[in-house]
Every structure is written in C-alpha cells, then in structure tokens.
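Contents: one structure, followed by commentary.
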Amino acid sequence: MSRSPSLPERPHLDLDPEMSDAERLSALRQHFERMVDVNRELDQRLQNADDRHAELVDEVDQMKARNEALKTASYYIATVEELTDDGVIIKQHGNNQEVLTEFAPTLNIDDIEPGDRVAINDSFAVQTVLDDETDARAQAMEVVESPTVTYDDIGGIDEQVREVREAVEQPLENPEMFEEVGIDPPAGVLLYGPPGTGKTMLAKAVANETNASFIKMAGSELVQKFIGEGARLVRDLFKLAAEREPVVIFIDEIDAVASKRTDSKTSGDAEVQRTMMQLLSEMDGFDDRGDIRIIAATNRFDMLDEAILRPGRFDRLIEVPKPAVEGRRRILDIHTRDMNVADDVDLDSLAEELDDYSGADIASLTTEAGMFAIRDGRTEVTGADFDAAHEKLSNVEESGTGPISGFTDYQY
Ligand SMILES: Nc1ncnc2c1ncn2[C@@H]1O[C@H](COP(=O)(O)OP(=O)(O)OP(=O)(O)O)[C@@H](O)[C@H]1O
C-alpha cells in the first residue's frame, strides 16, 4: 500500500521588531500568499482523497454484489420431470427427491421442457436452465469418429477376433441375413479376461472395419467421477450413439456398474443400481436401435450381476485370455515391426520366456527395450536391450508396484 505524501510545510512568519512598517507589511503579505498556496494544495489533496474514497466505496459495493452472487450461486442440480398447472415437478440429483416447485420469475416457462437440467436454490425454486450436457458427455465419453486400429494390429486372439466379427460385424454389414434366417443378432458382446489383453483394441478394430464410430465409456468413471449422474450419462450415451449410427459402443469395466447386488443399502449402492437399471432398460429397447452395436469388457467376470447376462442383453460372452506362446510371438512381431531390431534378437525364444505376459506387457517390454538403446545412444535395439527390459519388468513384478497389468491376479 502506498503511503500518503507528507503534509506541506507550515509557513513560518518571522517578524523582526526592528522592521519598519513597510517591511512588516511586505513580510505579512508574503506570509499570506504562502498560506494561500498551502491552503490551495491542501484543498487539492482533500479533493483527491475524496475521489479515492468514492472509488473505494464503489469497489466495496461491487465486491458485496459479487459476494451475494457467489452465495446465491451454490445451487443444487435437478432434472425437470413434468410441467403441471400447479408448478413443475423436478427430481434432485444425488438423492432423487421429487419436488413440486416453481420457476424464478426471470425464467420463461416456454423455454423449459421435461428432461432439462436445472439449477435450484435452497427452497427448490428453479433458478437457471443449464446448458446441454455436452460438457459432462464430452468428459465421460471418448468418441472416435474412425478408429485406426485394425485386426492386423491384434495378435494371439484370432478366435476371439473371429467371434467378435461374427457378433458385431455381421449384423452391421448384413442385417438382411439375420432377417432371412429369422433370428435376432446378438444384442451385446461381453469380453472378459485379464487386463491388457486387447479387449479395447478389438472393439476399436471392429468399429474401424465396419466404418462405424466408436464411443467408449468407463464404468468406473460413471460411479466414481460423475457421482449422481451415472444413469443420465448412460441415457446420453445411447442418445449420442443414435445420432452417430453406425456406431460401436464400448463400455469398459462394466463390473463397476453391474456387479452383484450387495445387501447394504448405502446411497452409493443405490446410485450404482440406478445406473445399471438405466443400462438394462437401454439395452432392452435395443431392437429398434438400428446400427448400434454394443461391446462391454470386464476383468471381473465373477462379480457381474446375472441380470446383465440375460438373453437380449450381453448374451454373447467371449473370453479374452493372456496369449499363449504363439500369440506372444505374434504380438512381439506386431510391436517390433516398426522398430530397428538387431540381428541378434531372437523373438522366438523371447516369446517362450515371456510366460504370463499380456499383450500390454509385451508392448511395454518392447518400448522399454527401445529406451535402453536410446539411453545408450544407439538406434538399433539389441538382444541385450530386450534382456534388460525383461529383467526390469520382472523386478517390477516382484516388487508388486505395477505398471505391468498382467502381473496382478485377477479373478475372471
Ligand atoms: N492382443 C494384443 N495384440 C497386440 N497388442 C496388444 C494386445 N493386447 C494388448 N495389446 C497392447 O496393449 C495395449 C492395451 O490393450 P487394450 O487396452 O486393448 O487392453 P484391454 O484388454 O482393453 O485392457 P483393460 O482391461 O486394462 O482395459 C494396446 O494398446 C496394445 O498396445
């Protein structure tokens, strides 16, 4: 803060008793003029201080207004259910409480429809209609117009690729076949198996090969990140899919929203249940959804609620295991095809050694081997680099500190 400048010096009147009257008069006149100057300066300063005071009062008023606005801005979020003659029925997010309430007079009732998200104050009166949910949607869903993964990028799970193609590709490309034969195509495909075995890749590759868009939603995020919004986001997911046909919907970690019912009645469980019920109801209305195929994935098959496995829902189960030795060899091929690999690298014996490695582990191994070469200032990756990478990843396994996905014991 700046200090105010010191006050002007008070003029001093020095009258010598020896002075003549004329000299005295002149001294008094000069003194008077100096006093007038000081007075003028003080006046000016007073004026400045008044101006500054007015400015500060203005600032305080603005801060008060902003503070008020901030206080009243802590609204709750609700969804409009129905507009009635007696008022509007809203449902609060989080606790699902239904309330008959009214709109703030500033809102135009004609702009509001059932399904709109609104902000409500402490007395439940609707204050604002919120924008479309595109933000939450964008955060909760990964949308890829045309994924680039192809079946050639996936190794060691040929049988699974074939099954997924049959269940997902056929209904998208030859729907008339199913009509002629008189059967419904599988509604949903559930891929289950340990992490990092290529489940996501498989879903992306199918979308790519059928020129479909790919929309991914992670079950865990629905219940952890978007608390209270899971059911709505599931509804949005299917709405968005309908806008983008043909499309492959991929729900990763479906166990997070579709695990067996527990006895506890905590609100968290209730929220998960609501999300699952929404998913089931969307899937049940699937017949007339046209070019939408749905694939889910889980590492925890044992946890799944049987309700989601009923016919018409996820009725095609495909296990995606860790690759056997030939699969590992193929995955090594895939992940080294763009690498500058030295002649001494023996991928056959490496594949033998990588027992229990998932596809993702093999991808990490090749990257790690490349890093060893780079650290050494080489552009060619040698057998020793692969050995060093293997040893490093095995140490990670022993210390149990991951990132290696395949080394955790998952029950599936
Ligand atoms: N079968 C495979 N062939 C080639 N690469 C693979 C294979 N499986 C995994 N990978 C590699 O591992 C990465 C992760 O695989 P992906 O995300 O498909 O596994 P996931 O089974 O979906 O895992 P999670 O269950 O953890 O979601 C891929 O991007 C790829 O580099």
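The values are calculated or read from the model by the stated rules, or taken from the named source; none is laboratory data. Since the model is a prediction, treat every value here as computed from it, not as a measurement. Note that we place each Cβ from the backbone using ideal geometry, even for glycine, and neighbour counts take in every protein chain shown.
General remarks:
- Candidate set from segment 187-203 (those that are among the hydrophobic types (A, V, I, L, M, F, W, C) and part of a helix (DSSP H, G or I)); member that is nearest to the ligand (Cβ to nearest atom): MET201
- Any pair with Cβ under 8 angstrom, 6 or more apart, that starts in segment 272-285 at a residue that is assigned by TED's automatic domain parsing to the domain that holds ASP236 and ends at one that is polar (S, T, N, Q): VAL272/SER259; ARG274/ASN96
A quick yes/no check of all residues on (1) within 23 Å of VAL168 (Cα to Cα); (2) crowded, with 18+ Cβ neighbours inside 10 Å; (3) without any contact (Cβ under 8 Å) to a residue 60 or more places away in the chain; (4) not acidic (Asp, Glu):
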site: ALA297; (1), (2), (3), (4): yes, yes, no, yes
site: ASP302; (1), (2), (3), (4): no, no, no, no
site: GLU306; (1), (2), (3), (4): yes, no, yes, no
site: ASP356; (1), (2), (3), (4): no, no, yes, no
site: ALA360; (1), (2), (3), (4): no, yes, no, yes
site: ILE374; (1), (2), (3), (4): no, no, yes, yes
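- Search result, residues across segment 139-154 that are within 10 Å of the ligand (Cβ to nearest atom) and either assigned to a strand (DSSP E or B) or under 30 Å from ARG232 (Cβ atoms) (or both): VAL149
- Flag for LEU354 being touching a Leu at 6+ places or on another chain (Cβ under 9 Å), within 16 Å of the ligand (Cβ to nearest atom), modelled with pLDDT under 95 and under 24 Å from ASN299 (Cβ atoms): yes
- For segment 376-386, the condition holds for at least one residue, the condition being that it is crowded, with 17+ Cβ neighbours inside 10 Å, in a loop (DSSP other than H, G, I, E, B) and not assigned by TED's automatic domain parsing to the domain that holds LEU191.
- Residue match in segment 335-344 (condition: within 18 Å of ALA388 (Cβ to Cβ), touching a Phe, Trp or Tyr at 6+ places or on another chain (Cβ under 8 Å) and more than 9 Å from the ligand (Cβ to nearest atom)): no
- Hits in segment 291-327 - residues which are assigned to a helix (DSSP H, G or I), closer than 20 Å to VAL234 by Cβ and within 16 Å of the ligand (Cβ to nearest atom): MET303
- Here is the figure for segment 155-175: residues that are free of Cβ contacts under 8 Å to residues at least 24 places away in the same chain and within 16 Å of the ligand (Cβ to nearest atom) total 3.
- Filter result for VAL206 (β-branched (Val, Ile, Thr), away from the ligand (no atom under 16 Å from the Cβ) and modelled with pLDDT of 85 or more): no
- Counted residues, segment 211-246 - those being assigned to a loop (DSSP other than H, G, I, E, B), under 23 Å from ASP269 (Cβ atoms) and modelled with pLDDT of 80 or more: 0
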